[in-house]
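Notes for the one structure printed next.
Only the coordinates and a few stated rules stand behind these numbers; no lab work does. Nothing here was measured: the structure is a model prediction, and the numbers come from that model. Cβ atoms come from the backbone with ideal geometry, glycine included; neighbour counts cover every protein chain shown.
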Amino acid sequence: MDIPNYGQPAPPFQPGYPMNPAMPSCLPYQPAMNPAVAPGYYPSVNTNALAPQVAPYPQFAGIPGYEGLAGDSNHGKFLPPPPAFGPEPGNVPTPTNRDWSIPSISNETAKHALQDYANAQCCYGSSPAEEMEITQLIPFNTYRYRLETFTESRTCEWVTKPLSGDALDSPEKGPAPPPWEIHVKTPTLFHDETEKQPVPHTTSKKSCQECNGKGKIICQKCNGNSQVKCDDCNGSGKRLSEECMSCSGTGTMGCKTCNQSNVQTCPGCNGKGQVMTFIELTVAWKNNLYEFIPDHRSDFPTDLFKKVTGEKMYSDEQILVPPIMNFPDVSINQASQTAVQQHYSQYMSTCRILKQRQTIELLPLTKVEYSWKGKNCRYFVYGRENKVETKDYPSTCCCVIL
Ligand SMILES: [Zn+2]
Ligand SMILES: [Zn+2]
Ligand SMILES: [Zn+2]
């Protein structure tokens, strides 16, 4: 098999890689069914969708592991994860029964929270917070469920760069390792990151197409005319109705980019006339988040929970976490089931799942009803930080005479 467009003799065949350096090729992910997944554990996975694709391009047919190569040139090639990285066999322990009881805040805490809040606002009088009478504390405590799925995906495509001066890691040095066998750094779990590196033994030299191997191209600044518009008078030859000194009134000046030689060094090859072309591997790590907060049946704006932390009640971290089954709030169980299933079918088909983390936090939320000077008002205390949300604080401007 020849690799087209090489200036050098065709390098040995690279099993598993796109063959045409001129056209970045994309091989769709060809997932492996993971034998370690307990049958029936993830009933929603459509195994037909995971079957290897038929190669649409005859030149790629028969390349071991890359039979699914497609013609979409905007994406690199994805490869199935080796079984060793697959999930552990089923029978993953579910959260143990524990005391899920929900604490509620005291009058004192509620009062302090409002005082702190009023003091922190430049225009709020502190009197209501100090003098109010709490009439009722109503807990609306809720939960935040999170599933994080940390994935790795690998893509590769042909790239062309100027020669580096180092010895070329050419195909003569051996077969290119399959993308998933290339050693990459250990990622920080649950953090997004991308790394690029050349695939070993895929680098070849070829003639630079930008300059046809000459190392020089027509000057891009003057288009080979050796003259450019004068910068100082913008080509008019005049500055404030006087003749431009810089160009003696001609409006043009000699091109400095090429020193009037009409040519410049080719940027594609840095003037060497030859470039190297190789397969570049891109490894992308991504933390995919599913978040759910059940309806707390209050008029508190749920979005505000984003700014606070909760009390961690449950955390489970493994390659594949099982859905939570026995949490007292059934909507959490349902969310967990949906999330686990959704992430599994979404990411197993495109990436390798390295780790999942599932957490439940208790989000404290208390509605405080109080009266002050005959007025009935209310506020919410939320989060571990005891933040306050209030719409009807009775003293919101310094100009109000109390
Ligand atoms: Zn020029
Ligand atoms: Zn001028
Ligand atoms: Zn060039």
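Of note:
- Between N225 and E242, the simple spin-label model (points 7 angstrom out along Cα→Cβ) gives 2.8 nm.
- Cross-linked pairs K173/K214; K205/K272; K216/K272; K185/K355; K161/K286: Cα-Cα separations exceed 20 Å for K173/K214; K161/K286.
- Estimated FRET transfer efficiency when R0 is 25 angstrom, pair S164-L189 (beta carbons, to 0.05): 0.15
- Protection-proxy order for peptides 217-225, 300-308, 196-204, each taking the mean of Cβ atoms within 10 Å per residue, highest first: 196-204, 217-225, 300-308
- Long-range amide H partners of Q227 with built H, under 5 Å: C255
- 13 Å Cα-Cα reach of K391 towards aspartates and glutamates, excluding residues that sit fewer than 8 places from it in its own chain: D299, E369
- Judged by the mean number of other Cβ atoms found within 10 Å, the most tightly packed of the peptides 114-123, 380-389 leads the ranking 380-389, 114-123.
- Computed over the range 283-364, Cα set: Rg, Dmax in Å: 14.1, 45
- Reach of K375 by Cα under 17 Å, taken over aspartates and glutamates that are not fewer than 8 positions away in the same chain: E130, E131, E133, D392
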